[in-house]
Structure formats: structure tokens, C-alpha cells
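For reference, the structure discussed in these notes is given below.
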Amino acid sequence: MLIQFNLKNFKSFKEEVSLDLSSTKISEHVEHIANIANDKLLKVAAIYGANASGKSNIYEAFDFMTYYVSESFKFGGENDNKQKNDSQYMKVIPFLFDITSRENESTFEVFFVDNKDSSQKTYQYGFALNQDEVLEEWLYCKAKTARGYKTIFYRKKGQELELPGIPKSSAENINIALEKETLIVSLGAKLKIAKLKMIREWFLNNEIINFGDPTENYFRSRMIPEGFNNDKDVQKRVIDFFSSFDEAIQGFDIKEVKLENEIDDEKRYSIDSLHKMIDSTEMASIPLRNESSGTLKMFTLFPSLQIVFEQGSVLFIDELNARLHPLLVRNIVLTFLNPEINTRNAQLIFTTHDIWQLSNDLLRRDEIWFVEKDKNGVSSLYSLADFVDESGAKIRKDESFAKNYLIGKYGAIPSLKVLDMFKEE
């Protein structure tokens with residue numbers, strides 16, 4: 001489970017901010033808490049904010065960190081010039097509206113417990129980099145019963161590598177092969193060093209979705225759940241999934257499509273959804289692509305939900321509410337909060353404008369987060385549990401969260417002006 005995600009000097013976040021999924025000492029919804037590795041952790045975090053406030057940059061920071069951990073073993077080396085111009089090499093974007101920040105490094109860090117590890121060790125992993133190289137990287141580990149963290153490795157530009165938690169032969173390989181653009185975790189995973197492979201796999205097991213990106217939506221809508229093409233049980237699970245919000249779809253007709261001049265071995269399928277006819281026992285068949293955008297989005301979401309519930313990983317979604325009814329979004333949130341379904345403590349982190357979910361009936365105050373941008377373009381991140389109003393008082397659990405948010409009590413709303421540019425002269 002993710003305990004905390006920290007970032008600094010990334011896009012609109014100039015100063016360090018923390019998305020902390022540790023529960024605070026508040027009394028509501030104690031059933032939402034998972035007791036893991038001597039920590040009390042939360043399974044849901046909802047992030048609110050005005051358009052252009054920077055809330056999507058939280059998602060993008062986590063996505064960037066995941067990408068760099070996954071792919072940086074490819075960067076640098078003999079192909080240095082090629083990789084610098086290759087689309088695979090992703091340069092970090094610091095806060096650009098400040099001369100100092102433009103030149104400073106950006107920092108990313110996570111604290112997490114690997115749900116697959118029965119020992120429930122806690123890991124602290126992070127790195128700092130600029131547009132050309134990794135400047136610092138660290139990995140620490142703490143046993144469930146230990147008081148402090150032990151160093152697995154520490155790296156800083158200009159200093160000798162510290163690799164006390166890495167086998168000697170593997171440490172020698174890292175010293176030989178490590179490039180300035182490459183993360184030790186990324187390289188070590190490819191060298192099959194177990195501890196480092198586990199860190200990389202933790203990132204890869206998470207699901208990161210941007211429903212605000214039309215291109216990503218297009219490609220995801222053409223992905224099918226594992227086994228869906230030939231496993232009737234998987235197809236039934238998808239039908240049951242759809243019936244939770246729409247009972248119109250009764251089944252699927254799936255056919256493999258043979259394309260002329262195929263240049264790869266990837267199989268392609270045509271999928272029709274089957275609907276009941278009013279005056280016949282037969283089924284009406286329509287291409288799945290002709291279903292509503294909301295139905296297609298839910299079809300797209302199913303594989304990710306299946307993965308995170310099976311593995312107990314993190315589902316990070318930007319704009320979860322896009323093209324979905326508020327009650328359907330609520331049903332998804334409730335699924336993560338249901339311990340009978342979410343038996344492996346999967347987590348849902350999502351950005352949204354949907355104030356239907358901004359309710360003390362659904363969420364704890366420490367599960368509600370806000371992003372606000374100041375006049376200098378700097379974003380801040382804070383939870384409702386930590387927010388203090390103008391009188392110096394904390395927010396009560398019985399307040400009307402949605403109403404108070406809309407009137408500006410918690411900040412993180414747009415500052416609107418009359419659209420008088422459309423007024424006739």
C-alpha cells in the first residue's frame with residue numbers, strides 16, 4: 001500500500017508537497033482504515049481543485065516517477081545522443097516561473113508497503129534529477145518490528161555509491177553499468193537484483209489512467225481484459241460488472257479479425273454487445289464501439305480494476321468523473337472501501353470536480369484533498385483534515401462539505417469574473 005507520495009519542483013508544484021494516505025486521529029468511518037505494518041492506512045484519496053489549479057500535476061508526477069523507474073535503464077550509454085532525441089527519454093519539467101526553480105532539481109519520493117510481502121516491510125524510495133541526469137537516489141527499508149530504516153543504497157552526484165544492501169557481485173555490476181541518466185532501481189531490476197526488481201515491480205503493478213486525455217481513451221477503449229476473447233468466465237464477470245449500472249448488455253459476440261498484410265503477431269478482435277429484443281427471444285447485436293461513451297469508459301476501466309483488486313495495488317485516475325454519472329463514481333469508491341470485495345487493500349487515488357462525492361457520508365476528512373494555485377502560479381496541496389478556517393478552527397466532521405466548498409470556505413475553487421467580453425458595445 002502507498003503510505004505517502006512526495007514531490008518537489010514539478011510543474012506547478014514549486015515547494016515540496018505530500019499526499020499522505022496515513023489516517024489521522026479522527027473518529028469518522030473507522031472501517032475505512034487498513035492496519036498494515038503498524039500503520040493505519042487509507043484506501044481512497046479524492047483530490048479536488050479548480051481548472052488549471054495543478055491537481056492533474058499530482059497524477060502526472062506519479063506517472064513520471066513510474067515511467068522513469070520503469071524505463072531509465074535504457075537511457076544514456078553508447079546511444080547517448082540518440083536517446084536524448086528519442087521519445088523514450090522523458091525530461092522532467094520543473095516549476096518554470098522562477099529563475100531558481102528552472103535550474104533546480106525535481107524530487108520524487110514514495111513510502112510504501114509491498115502487499116505481496118507477508119513480512120510487511122516499509123520502503124522509502126526516491127530520487128532527485130534535473131533535465132540531464134540523476135543527482136541523488138535513495139532506498140531504505142524498515143522491518144515491521146524495527147524502529148528505524150536501514151540503507152539499501154544511497155547515491156549522490158560527486159560521491160561514491162553506497163550499496164550496503166546489495167550483494168557484492170551485483171554492486172560491482174551496478175558500478176560498472178550505471179549511467180548518469182539511469183536510476184539504480186531501474187538498472188538493478190534489469191540485472192535481476194531481487195530487492196530492486198521488487199521496487200520496480202511495485203510501480204509497474206499500479207494502474208495509472210488519464211481519462212482527460214482523448215488519445216489515451218482511444219487506445220484504452222481498444223484494450224480487452226485478459227482472457228476476455230476466449231474465457232466465458234471472464235466474459236461473465238464483465239457482464240456482471242456492466243449489470244451493476246446497466247442491465248441492457250446480456251453478452252458479447254467476439255470474433256478474431258484477420259487483416260491483410262499484418263506486420264505483427266498481435267491478434268485483433270471485433271466485439272459486438274448483445275441486447276435483448278423487445279418482441280423476440282433473439283438477441284440484437286451492435287458493435288461495442290457504438291455503445292455510449294460512459295459504457296465504453298467502464299469497459300476500459302474493468303481491466304484496471306481487476307488488476308488492482310487482485311494485486312492490492314494503486315489505481316491512480318485523473319478525471320474519474322468524466323462521462324460517468326455521480327452515482328456510478330460513488331459505487332466505484334464504495335467498492336474500494338468494501339473490505340469484503342477489496343480484500344487485498346487496493347487503493348484508489350483520483351482527481352475530480354464531482355462534488356457529489358464530497359460528502360461526510362462517503363469520505364473521511366483525511367480522504368479529501370484540495371489543490372490551490374496562488375497568484376504566482378504555485379500550487380499547494382492540503383487535506384480537509386488539516387485545513388484550518390479563518391477563525392483558526394478545524395473542519396467538523398458533520399459539516400456540509402460540498403456546500404462549504406462551493407462557497408469557498410476551503411479554497412481551491414476558481415476565481416470567476418463576468419464574461420463581459422461577449423457583451424455588445
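Read-outs: derived from the displayed coordinates by stated rules, not from any lab. None of the values given here were measured: they were computed from a predicted structure. Backbone-built Cβ (ideal geometry, glycine too); neighbour counts: all protein chains shown.
Laid out as a table, the results:
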read-out: Estimated Rh, the range 48-204: Kirkwood, alpha-carbon pairs, angstrom; value: 16.7
read-out: GluC sites (Glu not before Pro) within the range 147-201, DSSP loop, no more than 12 other Cβ atoms inside 10 Å; value: E160
read-out: Kyte-Doolittle mean at least 0.0, axial Cα span of 20 Å or more - DSSP H helices of the chain; value: 293-311
read-out: Distance between the range 33-60 and the range 110-125 - C-alpha centres, whole angstrom; value: 18
read-out: Taking N as its residue count, the alpha carbon Rg of the range 225-311 over 2.2 N^0.38 Å; value: 1.19
read-out: Relative counts (whole %) of C-alpha pair distances in the range 270-380, using bins that are 10 Å wide; value: 11, 33, 29, 18, 6, 2, 0
read-out: Three semi-axes of the equivalent ellipsoid, the chain, Cα gyration tensor, whole Å, largest first; value: 36, 31, 24
read-out: With 5 Å bins from 0: P(r) over the range 119-242, alpha-carbon pairs, percent; value: 2, 9, 15, 15, 14, 10, 10, 9, 9, 6, 1, 0
read-out: Links that overshoot a 21 Å alpha carbon limit, given the list K40/K144; K121/K397; K14/K91; value: K121/K397
read-out: At most 12 other Cβ within 10 Å, DSSP loop - trypsin sites (Lys or Arg not before Pro), the range 364-412; value: K375, R396
